[in-house]
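Participant: A single structure is presented below for examination.
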Amino acid sequence: MNTLHRLLLTLFALVAFAPAHAATPIVTSVDSIGITVNDLDRAVDFYTTVLGFERVAESEVTGEKYERLYGVFGLRLRIATVRLGDERIELMEFLAPRGRPVPADSKSNDGWFQHVAIIVSDMDAAYRRLREHKVQHASSGPQLLPQWNPNAGGIEAFYFRDPDGNHLEVLHFPAGKGDPKWQRKGDLFLGIDHTAIVVADSDVSLSFYRDALGMTIAGTSENYGVEQEHLNNVFGARLRITALRAARGPGVELLEYLAPRTGRPMPVDTQSNDDWHWQVNVTAAIDAGDQAIRRGHYRYVSPGPVVLGDLTGLLIRDVDGHAVMLSARSGQHE
């Protein structure tokens, strides 16, 4: 075999087995983060009174189409949308049927872990406010990440829980880190930078979020040390962090625990009404997304795209079981 022939075979192999990055991103924006709660009125009161969100919409849905969309028979669902700055959260209370509670011994390295990072202009003031409202700690206290870490050094962070036990994070960026909009003064709580999910293998997860859905890597970091251990409340925590973004909206952050690898996986029978169910709500090309999910043998929650008036939705799960709701208005499926 001559040298030219070998070169051609090598080039063919590189093309044939290269990751199938989406030529046109299927996901064009991250619109909101959906969080399951047990008492919607209590949750709305907490997010608006304590964290400065504004309630912008509320609805109640039921019927066969919504059962198919969420994969829950006999569904009756209340949804309240709350906004902080440019970003939104959808709080979801399943009136029927009720799902299973979050395991009481949940840790930040368990596979069902997810949080939203709320940016604050002053960490000390934010922590005082949370203490005044007697929030449940998930970290031992606010942590200043060390300067030896070039991507995370100088960032202050604190994990806590909402009244339903959902993890939240308040985050303060020093000058020169994060989106420049997070440097504005005035309000204490500014908006949502990202949602973070625990994954078993970052590279495998990238095949879903980057290669199938077309999100782009915005940054990477490897975090460890006593500050990270106290932030996550996981002894010996060492994390590979990959930040992904669509063209608009908050990011999706992959948290791979390089150590300890003792976290439990997401239950394979997780349902949308289980208390640990969260979902990333995105605007997407539904038909292309449906094809990408089929090609990648990813998991459907909805049996296929569900038409709800001028809106079409499709609920799917990534390789670790985290949920993503694809949606598009009429004429925007492709």
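Participant: Using the structure shown, decide if V280 is of a type outside the set (G, A, S), in contact with a His (Cβ under 8 Å, 6 or more places away or on another chain) and at pLDDT 95 or above.
Facilitator: Numbers: of a type outside the set (G, A, S): yes; in contact with a His (Cβ under 8 Å, 6 or more places away or on another chain): yes; at pLDDT 95 or above: yes.
When the stated conditions are applied, V280 passes them.
Participant: Kindly indicate the residue of region 234-270 that is within 17 Å of S202 (Cβ to Cβ) and among the acidic types (D, E) and also surrounded by the most Cβ atoms within 10 Å (Cβ to Cβ) among those meeting that condition.
Facilitator: Looking at the filtered set, the residue picked out is E253.
Each row is one residue, and each column tells you yes or no for (1) over 30 Å from R98 (Cβ atoms); (2) touching a helix residue (DSSP H, G or I) at 6+ places or on another chain (Cβ under 6 Å).
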residue	(1), (2)
T270	no, no
R295	yes, no
Y300	no, no
L308	no, yes
T312	no, yes
R317	no, no
D320	no, no
M325	no, no
A328	yes, yes
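Participant: Does G191 fit the bill of being of a type outside the set (D, E), surrounded by 14 or more Cβ atoms within 10 Å (Cβ to Cβ) and not assigned by TED's automatic domain parsing to the domain that holds I35?
Facilitator: Numbers: of a type outside the set (D, E): yes; surrounded by 14 or more Cβ atoms within 10 Å (Cβ to Cβ): yes; not assigned by TED's automatic domain parsing to the domain that holds I35: yes.
It is true that G191 is of a type outside the set (D, E), surrounded by 14 or more Cβ atoms within 10 Å (Cβ to Cβ) and not assigned by TED's automatic domain parsing to the domain that holds I35.
Participant: Looking at region 225-248, can you tell me whether even one residue there is at pLDDT 95 or above, among the hydrophobic types (A, V, I, L, M, F, W, C) and in contact with a Pro (Cβ under 6 Å, 6 or more places away or on another chain)? Please lay out each step first, then the result.
Facilitator: Step one: list which residues in region 225-248 are at pLDDT 95 or above, which gives 225-248.
From what is left, the residues that are among the hydrophobic types (A, V, I, L, M, F, W, C) are 226, 231, 234-235, 237, 239, 241, 243-244, 246-247.
Still in the running and in contact with a Pro (Cβ under 6 Å, 6 or more places away or on another chain): none.
Within region 225-248 (the criterion being at pLDDT 95 or above, among the hydrophobic types (A, V, I, L, M, F, W, C) and in contact with a Pro (Cβ under 6 Å, 6 or more places away or on another chain)), the answer is no, since none of the residues qualifies.
Participant: Do we find a residue being out of contact with any Lys or Arg (no Cβ under 9 Å at 6 or more places or on another chain), assigned to a loop (DSSP other than H, G, I, E, B), surrounded by fewer than 18 Cβ atoms within 10 Å (Cβ to Cβ) and of a type outside the set (D, E, K, R) anywhere in region 271-290? Even if it seems obvious, please write down each step before you answer.
Facilitator: Restricting attention to region 271-290, the residues satisfying the condition of being out of contact with any Lys or Arg (no Cβ under 9 Å at 6 or more places or on another chain) are 272, 277-280, 282, 284-290.
When the remaining residues are screened for being assigned to a loop (DSSP other than H, G, I, E, B), the result is 272, 277, 285.
Cutting the leftovers down to surrounded by fewer than 18 Cβ atoms within 10 Å (Cβ to Cβ) gives us none.
No, that holds for no residue.
Participant: Shifting gears a bit: Would you check if L255 is over 30 Å from K177 (Cα atoms) and assigned to a strand (DSSP E or B)?
Facilitator: Details: over 30 Å from K177 (Cα atoms): no; assigned to a strand (DSSP E or B): yes.
So L255 fails the test.
Participant: So for region 221-244 (the condition being within 19 Å of A323 (Cα to Cα), of a type in the set (K, R) and either outside the structural domain of D290 (by TED's automatic domain parsing) or in a loop (DSSP other than H, G, I, E, B) (or both)), does at least one residue qualify?
Facilitator: So far as region 221-244 goes, no, none of its residues is within 19 Å of A323 (Cα to Cα), of a type in the set (K, R) and either outside the structural domain of D290 (by TED's automatic domain parsing) or in a loop (DSSP other than H, G, I, E, B) (or both).
Participant: Let me ask you something else. Can you tell me which residues in region 108-149 are assigned to a strand (DSSP E or B), of a type in the set (S, T, N, Q) and surrounded by fewer than 19 Cβ atoms within 10 Å (Cβ to Cβ)? Step through it out loud before you land on a result.
Facilitator: Keep residues of region 108-149 that are assigned to a strand (DSSP E or B), which gives 114-120, 136-137, 143-144.
Now narrow it down to the ones that are of a type in the set (S, T, N, Q): 114, 136, 143.
The one that is assigned to a strand (DSSP E or B), of a type in the set (S, T, N, Q) and surrounded by fewer than 19 Cβ atoms within 10 Å (Cβ to Cβ): Q136.
Participant: Tell me, please, whether a residue that is surrounded by fewer than 17 Cβ atoms within 10 Å (Cβ to Cβ) and farther than 23 Å from L84 by Cα can be found in region 154-177.
Facilitator: There is at least one residue in region 154-177 that is surrounded by fewer than 17 Cβ atoms within 10 Å (Cβ to Cβ) and farther than 23 Å from L84 by Cα.
Participant: If I filter region 172-194 down to residues being assigned to a loop (DSSP other than H, G, I, E, B) and under 22 Å from the mean Cα position of the chain (by Cα), which single residue comes out as nearest to Q228 (Cα to Cα)? Walk me through how you get there before you give the answer.
Facilitator: Taking region 172-194 as the starting set, the residues that turn out to be assigned to a loop (DSSP other than H, G, I, E, B) are 173-179, 184-188.
Filter once more, keeping what is under 22 Å from the mean Cα position of the chain (by Cα): 173, 177-179.
Details: F173: 16, K177: 18, G178: 19, D179: 22 Å.
This residue is F173.
Participant: Could you identify the single residue in D86, D105 that is surrounded by fewer than 16 Cβ atoms within 10 Å (Cβ to Cβ) and within 20 Å of V280 (Cα to Cα)?
Facilitator: Numbers: D105 fails: within 20 Å of V280 (Cα to Cα).
Just a single option satisfies the conditions, and that option is D86.
Participant: Tell me, please, whether a residue that is in the same structural domain as V324 (by TED's automatic domain parsing) and in a strand (DSSP E or B) can be found in region 63-71.
Facilitator: No, every residue in region 63-71 fails to be in the same structural domain as V324 (by TED's automatic domain parsing) and in a strand (DSSP E or B).
Participant: Can you find a residue in region 33-47 that is in the same structural domain as V301 (by TED's automatic domain parsing) and without any contact (Cβ under 8 Å) to a residue 24 or more places away in the chain?
Facilitator: Initially, region 33-47 is screened for residues in the same structural domain as V301 (by TED's automatic domain parsing), giving 33-47.
Of the ones still in play, those that are also without any contact (Cβ under 8 Å) to a residue 24 or more places away in the chain are 41, 45.
Taking every residue of region 33-47 in turn, at least one turns out to be in the same structural domain as V301 (by TED's automatic domain parsing) and without any contact (Cβ under 8 Å) to a residue 24 or more places away in the chain.
Participant: Tell me the residue from E169, E132 that is more than 22 Å from the chain's Cα centre (by Cα), among the acidic types (D, E) and outside the structural domain of I35 (by TED's automatic domain parsing), please. Give the derivation first.
Facilitator: Values: E169 fails: more than 22 Å from the chain's Cα centre (by Cα).
That would be E132, the only listed residue that is more than 22 Å from the chain's Cα centre (by Cα), among the acidic types (D, E) and outside the structural domain of I35 (by TED's automatic domain parsing).
The values are calculated or read from the model by the stated rules, or taken from the named source; none is laboratory data. Keep in mind the model is a prediction, meaning the values are calculated, not measured. Using ideal geometry, Cβ is built from the backbone for each residue, glycine included, and neighbour counts are taken over all protein chains shown.
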